[in-house]
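See below for the structure under consideration.
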């Protein structure tokens, strides 16, 4: 008989052959280690999508939660419904009303952050090989889910007004012509992550019309919709199409992410499946978290709080855009987002954002390379810059450092010519950021 | 062009054709409606697996959580690591040490209840058609997960000492001979849900030896291990085999389920995949919940609390067993569990527990029919009775009502002969209970 230690190591190796096919795509990115370095305090991280919650009144939050424990502790600490706490689902309908949505609490399913909603929707709809249409670029965390369920992703272009209807139509036509099954369009209409753009009102109708005609379900992911800087929330796609849209929302950016409370609003039949999927995944979402969020919504001026958040983020957006204007080489391009957390910046031709990242981290600034937001290796000349978390002063300092790294890179390139934008790195898809940078 | 309402209803119907293949098995059971009735206060529910947390000191819990918000609010309400809060993972290692496990916090992954751990392990290991070996009967919530991932389930018999090693060997041999791939053995060694039995110490070694020889991974699910009535916690399977066992634990029964904090302890390579799967599923488990549990563990005599829970549950177990002895027909059989929440009761030949359930609910008592705990339609003559939640008086009253229903059923049967044990009901598999009854 073989000895124990040998067997153990043999078994350890043999896990590789035991995993499900879907697990093959789950690999830690080579840039994860860089992000670990980037979390050091001396580094200005423009990478993370963490909301800045320092403005939350801890005394108010502490008060509502203490009262929750004292008055409803045995319920809050118990198992709950797989669909979520009824009172919270009613409040969620109030929140969605700000975007023109009229919905019934029965059609809301509470999820562990809206990330889990993406997971559950994909779980119930997608077989391996099915296609999801996504914007180009798209949210890295959603691309990770689609990959985990072995979906194909087909990207459709955006411009300053968001998803381009003609590009959407073309993507649908080409995918169908290739004999593939499209399960849904995944779209972030407001203050896009990572592109920062917003789908115009006119285009919302066009996108819905295309999806109706082509019989494509829409997955509308809207974590940032209430965080606009200059106008009232836009009308959601779901407000004009109840049967063909699954709407996802979250309290992570309008209150706090640590409770992990998001939701899906779905047509009735789909909602039933989502509840069964939720029960299978977690039995029920955390009752305590849900009741804490519910108590906060009842016990605090949450809309006033969102107004404060918007002002704070607008100030940071301004700081970033001013710094970019002042400091970045003229050959860079970026957008000026009207809400949300992100600026999408495109580098001069030939500069690779991923290849440059180690040098940026050495210079004490971090960002997420554009390739993370494409399933197909594109995006190498772009990056996502987040202005949500650091102070305006730190943002300016971060941009200053980034400009310095970029200038050195451009100088090298001018001296040595079009070197080697490492195509091996560019060709990798997807899952490039650790969890706090996925948001 | 067709009009909007017509198209809408067409699309609603057409969801049926759009779901993933895995979704076909996700259907609400016909007995769910009965459980909705069973949750009325006049019904004694012996169905639910909800822990009785009325003994928790709300002032202590409220105190640690208030302090958490006041002193660490901005961290507790923020995103966290996909693997879970480091301090909590250290405390989890302390908890597992009570069962002889020596583990490193690096190998622990926090999950949204241990239900999510079952989901994530299945996600990374199981392709459609892969087989999981389960005890007969087995936990309904795990069977639901295996079904959702399109696994085959092969049951292996238990007796009063838990899983029978020869039955395990036979199940493995037969499954391999049929050319199928076994991904793991799913086992609940302590105070089994639903069977109430515990795997003897001698058999633990036998089961491990078989799994080593056959190269089968063990998924050891242990929510009740610290809730024994007459002896110290038994040594976990994981304590004697680190490489071949994934161990799942939970705070739902030893503290409170409303925080949804469970965990998986896995070999290093598997742990890495679990973290990636967790990030894809939720980004990170709820930071607030984790820190609340951690604060409770540091700030309270949690082991003393578990001792109180054990005494409370033992009293209820005694009440149930005494009532069964006093009131049930002699032709029924049941076990006397030495811990946990459940008694497994087998009815006289010819009486179908599922067919009898509507009459039981009418008589204001509820249980979970045995078929819920089998993937293959067996179990029709058995039921799970939970003694965890109702008071001893209510338990006795519930058993009294159940005995009355059963006697009427037996009388009918004596009068009219072996009628029709509805085979359509028996043939259904799995997912028979709503979330709070799944635990």
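Read-outs: derived from the displayed coordinates by stated rules, not from any lab. Values in this document were obtained by computation on a predicted structure and should not be read as measured data. Cβ atoms come from the backbone with ideal geometry, glycine included; neighbour counts cover every protein chain shown.
In cubic angstrom, how much convex hull volume per residue do the alpha carbon atoms of the stretch A:268-382 span?
Spelled out: Cα convex hull of the stretch A:268-382, divided by residues, is 212 Å³.
May I ask you to compute the full-extension gain from residue A:180 to residue A:331, defined as 0.36 nm times their residue separation minus their alpha-carbon distance, rounded to one decimal in nm?
50.4 nm
Across peptide A:53-64, how many C-beta atoms of other chains are within 10 Å of each residue C-beta, on average?
For this peptide, the per-residue mean of nearby foreign Cβ atoms is 3.
For residue B:359 and residue A:416, what is the calculated FRET efficiency with R₀ set at 60 Å and r taken between the beta-carbons, to the nearest 0.05?
0.10
Counting only other chains, what is the mean number of Cβ atoms within 10 angstrom of the Cβ of each residue in peptide A:66-78?
Mean shielding by partner chains, rounded to a whole number: 6.
In terms of the ratio Rg/(2.2 N^0.38 Å) built on C-alpha atoms, what value belongs to the stretch A:219-300?
Relative to the rule-of-thumb radius for its length, the stretch A:219-300 sits at 1.21.
Taking the Cβ of each residue in A:155, A:192 as the centre, tally the other Cβ atoms inside 10 Å and list the residues starting with the fewest.
Ordered from fewest to most neighbouring Cβ atoms within 10 Å, A:155, A:192 come out as A:155, A:192.
Can you work out the base-10 log of I(q)/I(0) for the stretch A:24-151 at q = 0.11, 0.22 1/Å, using the Debye formula on its C-alpha atoms alone?
Per q value, in the given order, log10 I(q)/I(0) is -0.69, -1.28.
Order A:311-319, A:121-129 from most to least packed using the mean count of other Cβ atoms within 10 Å.
My ranking of the peptides, most packed first, is A:121-129, A:311-319.
Specify the inter-centroid distance of the stretch A:349-403 and the stretch B:306-363, based on alpha-carbon positions, in whole Å.
The stretch A:349-403 and the stretch B:306-363 have Cα centres separated by 62 Å.
How far is it, in nm, from the label point at residue B:60 to the one at residue A:27 when both lie 7 Å from their Cα along the line to the Cβ?
Between residue B:60 and residue A:27, the simple spin-label model gives 4.9 nm.
Which value, to two decimals, describes the C-alpha radius of gyration of the stretch A:257-305 once divided by 2.2 N^0.38 Å?
This ratio for the stretch A:257-305 stands at 1.38.
Pairs of Cα atoms under 8 Å, at least six residues apart: use those to get the relative contact order of chain B, whole percent.
24
Set the Förster distance to 41 Å, then compute FRET efficiency between residue B:102 and residue A:72 from the Cβ-Cβ distance, nearest 0.05.
0.55
Give me P(r) over the stretch A:195-266, computed from all C-alpha to C-alpha distances, binned every 10 Å, as integer percentages.
The calculated distribution, bin by bin, is 18, 48, 29, 6.
Counting only other chains, and only Cβ atoms inside 10 Å, what mean value do you get across the residues of A:283-295?
The shielding value for this peptide is 6.
May I have the extent of the alpha carbons of the stretch B:134-228 along their three principal axes, as whole Å values ordered from largest to smallest?
40, 30, 19
Enumerate the whole-percent occupancy of each 5 Å bin, from 0 to the last occupied one, for all C-alpha pair distances of the stretch A:271-332.
Cα pair-distance distribution for the stretch A:271-332, in percent: 4, 13, 10, 11, 11, 10, 11, 10, 9, 9, 3.
Quick one: Debye curve from the C-alpha atoms of the stretch A:156-300, no solvent, what's log10 I(q)/I(0) at q = 0.16, 0.19 Å⁻¹?
For the requested q values the scattering log ratios are -0.97, -1.23.
Project the alpha carbons of the protein assembly as shown onto their principal axes and report the range along each, largest first, in whole Å.
Computed over the protein assembly as shown, the largest-to-smallest principal extents equal 92, 69, 57 Å.
Based on the mean of other Cβ atoms within 10 Å per residue, sort peptides A:179-189, A:259-269, B:402-412 so the most packed one is first.
Descending mean neighbour count gives A:259-269, A:179-189, B:402-412.
Can you give the calculated 222 nm mean residue ellipticity of chain B, where each DSSP H run of n ≥ 4 adds -39,500 (n - 2.57) and the sum is split over every residue, rounded to the nearest 500 deg cm²/dmol?
Value at 222 nm, helices only: -14500 deg cm²/dmol.
Give me the percent of DSSP beta bridges within chain B that run antiparallel, rounded to the nearest 5.
50
Report the Stokes-Einstein translational diffusion coefficient (µm² s⁻¹, integer) for chain A, Rh taken as the Kirkwood radius over Cα pairs, at 25 °C with viscosity 0.890 mPa s.
Translational diffusion coefficient: 108 µm²/s.
Given a cut-off of 14 Å, what percent of all Cα-Cα pairs of the stretch B:305-365 lie beyond it?
Percent of Cα pairs beyond 14 Å in the stretch B:305-365: 65.
Along the Cα→Cβ direction, 7 angstrom out, place labels at residue B:311 and residue B:393. What is the inter-label distance in nm?
2.1
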